[in-house]
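The values are calculated or read from the model by the stated rules, or taken from the named source; none is laboratory data. Predicted, not measured: the structure shown is a model, and the values here were computed from it. When we count neighbours, we look across all protein chains shown, and the Cβ atoms used for this are built from the backbone with ideal geometry, even at glycine.
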Amino acid sequence: MIIDHPLLGPRDAAEFVYKGDAALIDRPDWQAEDAADKFHEYMYLRDNVAGEMAELWYHEHGDRSWLVVTRNTLTHKITSVELARDVARRRGRGK
Amino acid sequence: MTRPNRLNPGLTDRARPLNFSFNGRNMMGYQGDTLASALLANGQRLIARSFKYHRPRGVFSAGSEEPNALVQLRRGAALEPNTRATVAELFDGLHATSQNHRGSLEFDIMAVNDLLAPFLSAGFYYKTFMWPKAFWEKLYEPVIRASAGLGRLSLQPDPDVYDHGYLHCDLLVIGAGPAGLSAALAAGRAKARVIVADEDFRPGGRLNSETYEVDAIPGHDWAARAWAELLAMDNVRCMTRTSVFGAFDHGIFGALERRTDHLANSGGKPRQVLWRIYSRRSVLCAGATERPIAFANNDRPGVMLAGAVRAYSNRFGVTPGQRVAVFTNNDDGRRTAADLSALGVAVTGIVDTRLDEFIVDTTGRKELKTVLTNAGRRIEADCLAVSGGWSPNVHLTCHQRGRPTWRDDIAAFVPGPDLPPGMAVAGAANGAMTLAAALAEGRAAANAAVRDLGFAPSRKPVPRAEDEAFDIKPFWHVKGHKRAWVDLQNDVTAKDIRQSHLEGFRAVEHLKRYTTLGMATDQGKTANVLGLALMAEASGKTIPETGTTIFRPPCTPVPIGAFAGRARGRDFRPVRRTPSHAWAQENGADFVETGIWLRAQWFRHPGEKGWRDSVDREVTQTRRSVGICDVTTLGKIDVQGRDAAEFLNKIYANAFAGLPVGKVRYGLMLREDGICHDDGTTARLGETHFVMTTTTANAATVFRNMEFARQCLWPDLDVHLISTTDAWAQFAVAGPNARALLAKVVDDLDLSNAAFPFMACAECTVCGGTPARLFRISFSGELAYEIAVPARYGDAMIRALMAAGKEFAVVPYGTEALGVMRIEKGHAAGNELNGQTTAAQLGLGRMVSKKKDGIGSTLSERPEMNRDDDLRLVGFQPVDPSDALNAGAHFIEINDETPDMHSDLGWMTSVAHSPELGHSIGLGFLKRGADRMGDILRAYDPVRGKDTRVRVVATHHIDPEGERQRG
């Protein structure tokens, strides 16, 4: 596969380490009433998507960017690649 | 000897005769021959024995689809089994032998299997080798093992070199037959970057094997001219002997180039290159493969595909027989007869199913003698050219789950609508079965691709050629009660397919696995469609309803050696050496692999009988005076920024925000699920500057997780990370004389206990100005420091330290002594931090701060992970001091007779011989361990046959109060 890195252009997937569902960005609030349940869901309950899925890839043999790659798990077609930091801020993980 | 089958030179080079041998017989061929064409020229028809029945077999095809003529090439370590004679290029001195027979090829005693055929039908393994159970190991398995496979490996290391390579192009053209040449010319003329690859050593595809004309010259001459034009273009890379074997995601293709297989000696050059080709567009021009018709005894040497007969006679000038009959369901049969007649070969009969005549049986044990038709004709023939039609080579179109679609007019599967992105298909591979159509499709596909990429297509017209007749009326199988072969390589007959259907294995994927149809080196290239047709017939369905099996790469065999490339032996993976490596080598170190690092394990002194002598000496001398160990391999991460302290507070389970500048703290890292991940120390060199160490093994994953936390979880913290593992050489200096030694190399830094106490750190200089970092931390439990210098000074540093330590009789120590001392001190390491343990189990439960949010802190509070009756890390000593403990032993109560899941109390994780205590010591996890101090248990070790009484003690075997490290 080829991942079109937003800063570095097209790079071979072999340069990356795969982590999984981009929902891992949404780490729960540790002080919430139901923090234990929320962390349990965060850690163990994942969707196994047959189709388009947002995933985390790490450019370990490159610039160390974490990326959110939107990829169709049936065809491997990649429709978008973003810096995970931008996605995290958009999802409200900024200060 | 005479070679009556050699008609003319064909496209071989008469001026370059080549000597070779087959089964010890010396033979002659010419440059441009394959082993198969040269064997046929020499009248060698019997070439192999079939897989299951050991039936005599000869050459069946003229290409990579060959199911029969598998041979062993070369000898000694270079021996290569299961090579298809039809694609093996002849070279002077080639040594070839047949395989898969006991006794000689002519008299194979395993041919008795042929008489047992009624018992060896589809699924006989599953039915036969069931009972009695006791027979399995003693009888069935050895017999099956002896019969399995075809050729034999040399069992010696492969003497050849294999390489990997990477190529990029705008357009990849797969195949250099008429469609491929036409496509490559069009794209090359449009100035696109083109790669054109063909598996043959002579480009041209079927143009070399037929008698067609292109642009009013013989087709093979036109192909040679086209290739010359392509070779002259800077923007075109022309690759022969290159098989594109897989179509992967996003325009990436795998290709195997055979670079020296056609030479007697590689001369040390890479034998094969595994290419990864990155293409923006591709055109598949892989042509088509002819398939046979199934009829009784259709596997005799001399029965051959009609297209192969034309290839041998037209291209190689070799007739496969002196009296050739033809059996066909399409116009190719007539063409074969015409070509042979033109060459003066006797054609003894044509059997055309379209005229309702078909072959019902054949005779001739080791070579074909006669064929018999339903019309009562008995035709004398030593070669039968069979054509059941052509199957487009759709394999690469299906590697991304595409399914081919059926076309009735050519009775074949053609590429379906779901092609790999960027791929077009042209020529026979696309079902364009005639020459003019192939040339036109190749050009059109290439022009469309380059236009799509922004190039201006060339205006040059398509090469001129005729559309030959191509009429086919499907005919698959002559019904009868004798065996009719469908898959020659796996000895699958029409009856096996009917039986598979009767026994319920009706889905094509089941049919394949039950009968082995379409498996092994040829992947059923000649057999699959015929097998599907027979299954369709048996089930009353159509062929498209029956469907095809999934096509997976590689579509042609690729040696494991090519996949391995240079990554074998010492080069299997890179080696990292520490800065003191050369010095350690000079001083008698034995090295151990830790990950990809090489670390000194111990330093052998003259007169020491074994490693224990060296390790005991290193530990004793370190604890008595001073020792030095290279600890560069520990991961080092530079953490800087205004929010660095806050960030570390989130990364570690224990608090770091309050760590004063100039101090070091031990840190425990959890995974988000609450299990311990790693530990180490972090030093605060400034308000906004920390230096973290990780374990050697987890250096990469800790850094990765920290970047994840930094970018994905807390993206607005002002903090930056750099891995500096390779930038700093670091040495532990441990022992009562450590301070005195360091005082001699450290410039202007007060090392007194008051000024530089336990867990202090500072930036300083050594040896008159070399920048350094000093940390007063101790893994050994002694008064100890770690001194770091830029890696380029590492070699000088170890030499300076050893020189300064001479007066204290300093010793270097390796990883074993390091391990002994950490076990003596009860520190957890990899054996304890094994990805399954909690902080509570390690006795570090109180370190996990509940006042802050750290990775893993919430889930580490789960009740199951904090049970009082859980495992705890404790120490162990043998009751009898002369007993040696073993890691991996399980603990059971002293009066328990039966070690099992219920009586299991835990296990020993680490053991060492303590020279100071004079006996073996251990660490391990024990249920309710903290409550069992002083108890005596059995350490039960059935693997090593040991059963030792042990006493539960504290983890700190030595200096429990830690007075030495604070002194």
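Yes/no matrix, rows are residues, columns are (1) at the interface with chain B (Cβ under 9 Å from one of its Cβ atoms); (2) closer than 30 Å to B:Ile722 by Cα; (3) without any contact (Cβ under 8 Å) to a residue 12 or more places away in the chain:
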site	(1), (2), (3)
A:Asp29	yes, yes, yes
A:Tyr58	yes, yes, no
A:His61	no, yes, no
A:Val81	no, yes, no
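Starting from residues that are in contact with a Ser or Thr (Cβ under 9 Å, 6 or more places away or on another chain) and of a type in the set (D, E, K, R), keep the ones in segment B:713-731 and report whichever is farthest from the other protein chains (Cβ to nearest Cβ). By that ranking, first place goes to B:Asp726. Taken over segment B:298-319, the criterion of being assigned to a loop (DSSP other than H, G, I, E, B) and not β-branched (Val, Ile, Thr) is satisfied by B:Asn298, B:Asp299, B:Arg300, B:Pro301, B:Gly302, B:Phe316, B:Gly317.
When each of B:Gly805, B:Gly875 is tested for being buried (at least 18 other Cβ atoms within 10 Å of the Cβ), small (Gly, Ala, Ser) and farther than 22 Å from B:Asp678 by Cα, the lone residue that passes is B:Gly805.
So that you can scan it fast, the table gives a plain yes or no per residue for (1) within 30 Å of B:Glu916 (Cα to Cα); (2) free of Cβ contacts under 8 Å to residues at least 60 places away in the same chain:
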| site | (1), (2) |
| --- | --- |
| B:Gly826 | yes, no |
| B:Ala829 | yes, no |
| B:Glu832 | yes, no |
| B:Thr837 | yes, no |
| B:Arg846 | no, yes |
| B:Ile855 | no, no |
| B:Arg862 | no, no |
| B:Arg867 | no, yes |
| B:Gln877 | yes, no |
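Only strands (runs of 3 or more DSSP E) whose full extent lies in segment B:736-790 are considered here, and the ones with at least 1 residues that are within 22 Å of B:Gly819 (Cβ to Cβ) and among the aliphatic types (A, V, I, L, M) are B:784-790.
Working only within segment B:239-266, note down all residues that are away from chain A (no Cβ under 14 Å) and either among the aromatic types (Phe, Trp, Tyr) or not in a loop (DSSP other than H, G, I, E, B) (or both). Scanning segment B:239-266 gives B:Met239, B:Thr242, B:Ser243, B:Val244, B:Phe245, B:Ala255, B:Leu256, B:Glu257, B:Arg258.
Going by the conditions given, is B:Leu419 out of contact with any Pro (no Cβ under 8 Å at 6 or more places or on another chain) and closer than 23 Å to B:Glu509 by Cα? The answer is yes for B:Leu419. Here B:Cys629 qualifies as surrounded by 17 or more Cβ atoms within 10 Å (Cβ to Cβ), part of a strand (DSSP E or B), of a type outside the set (Gly, Ala, Ser) and not assigned by TED's automatic domain parsing to the domain that holds B:Ala78. Considering segment B:891-928 alone, what residues qualify as being small (Gly, Ala, Ser) and in contact with a Ser or Thr (Cβ under 8 Å, 6 or more places away or on another chain)? The answer is B:Ala912, B:Ser914, B:Ser920, B:Gly922, B:Gly924. Checking each residue in segment A:64-95 for being closer than 22 Å to B:Ile252 by Cβ, surrounded by fewer than 18 Cβ atoms within 10 Å (Cβ to Cβ) and not aliphatic (A, V, I, L, M) picks out A:Thr70, A:Asn72, A:Thr73, A:Thr75, A:His76, A:Lys77, A:Thr79, A:Ser80. Which one of the conditions (1) within 13 Å of B:Ile651 (Cα to Cα); (2) more than 8 Å from chain A (Cβ to nearest Cβ); (3) without any contact (Cβ under 8 Å) to a residue 24 or more places away in the chain; (4) not polar (S, T, N, Q) does B:Arg710 fail to meet, given that it meets all the rest? B:Arg710 satisfies every listed condition except (3). Screening B:Phe690 on (1) under 23 Å from B:Glu763 (Cα atoms); (2) surrounded by fewer than 22 Cβ atoms within 10 Å (Cβ to Cβ); (3) not polar (S, T, N, Q) shows it passes everything except condition (2). Taking residues in segment B:675-688 that are in contact (Cβ under 8 Å) with a residue 12 or more places away in the chain and within 28 Å of B:Glu861 (Cβ to Cβ), and partners anywhere that are in a strand (DSSP E or B) and hydroxyl-bearing (Ser, Thr, Tyr), the pairs with Cβ atoms closer than 6 Å and at least 6 places apart or on different chains are B:Asp678/B:Thr694; B:Gly680/B:Thr693; B:Gly680/B:Thr694; B:Thr681/B:Tyr666; B:Thr681/B:Thr693. Restricting segment B:741-751 to residues that are surrounded by fewer than 16 Cβ atoms within 10 Å (Cβ to Cβ) and touching a strand residue (DSSP E or B) at 6+ places or on another chain (Cβ under 8 Å) leaves a set whose member that is nearest to the other protein chains (Cβ to nearest Cβ) is B:Asp747. The residues of segment B:362-390 that are in contact (Cβ under 8 Å) with a residue 24 or more places away in the chain and on the phi > 0 side of the Ramachandran plot, listed by number, are B:Gly364, B:Gly389. Residue check: is A:Arg46 within 10 Å of chain B (Cβ to nearest Cβ) and charged (D, E, K, R)? It is false that A:Arg46 is within 10 Å of chain B (Cβ to nearest Cβ) and charged (D, E, K, R).
Does segment B:867-887 include one or more residues that are of a type in the set (S, T, N, Q) and either within 14 Å of chain A (Cβ to nearest Cβ) or not in a loop (DSSP other than H, G, I, E, B) (or both)? Within segment B:867-887, one or more residues are of a type in the set (S, T, N, Q) and either within 14 Å of chain A (Cβ to nearest Cβ) or not in a loop (DSSP other than H, G, I, E, B) (or both). Once segment A:38-53 is narrowed to residues that are aliphatic (A, V, I, L, M) and surrounded by 18 or more Cβ atoms within 10 Å (Cβ to Cβ), the residue that is nearest to A:Ala13 (Cα to Cα) is A:Met53.
Among the residues of segment B:320-338, those identified as surrounded by fewer than 24 Cβ atoms within 10 Å (Cβ to Cβ) and assigned to a loop (DSSP other than H, G, I, E, B) are B:Gln322, B:Asn329, B:Asp331. Of the residues making up segment B:362-413, those that are under 38 Å from the mean Cα position of the chain (by Cα) and in a loop (DSSP other than H, G, I, E, B) are B:Gly388, B:Gly389, B:Asn393, B:Val394, B:His399, B:Gln400, B:Arg401, B:Gly402, B:Arg403, B:Pro404, B:Ala411. Listed by position, the strands (runs of 3 or more DSSP E) contained in segment A:15-89 that have at least 2 residues being at negative phi, hydrophobic (A, V, I, L, M, F, W, C) and within 16 Å of the chain's Cα centre (by Cα) are A:52-58, A:66-72, A:78-83. Candidates B:Ala754, B:Ala738, B:Ala734: the one that is over 20 Å from B:Arg623 (Cα atoms), away from every other protein chain (no Cβ under 14 Å) and modelled with pLDDT of 95 or more is B:Ala754.
When the residues of segment B:207-238 are filtered to those that are part of a strand (DSSP E or B) and of a type in the set (D, E, K, R), the one that is nearest to the other protein chains (Cβ to nearest Cβ) is B:Arg237.
If you check B:Ile293 against the conditions, is it surrounded by fewer than 20 Cβ atoms within 10 Å (Cβ to Cβ), closer than 26 Å to B:Ala412 by Cα, of a type in the set (A, V, I, L, M) and in contact with a Gly (Cβ under 8 Å, 6 or more places away or on another chain)? Criteria not met by B:Ile293.
For the condition assigned to a helix (DSSP H, G or I), loosely packed, with under 15 Cβ neighbours inside 10 Å, free of Cβ contacts under 8 Å to residues at least 40 places away in the same chain and out of contact with any helix residue (DSSP H, G or I) (no Cβ under 8 Å at 6 or more places or on another chain), B:Asp931 qualifies.
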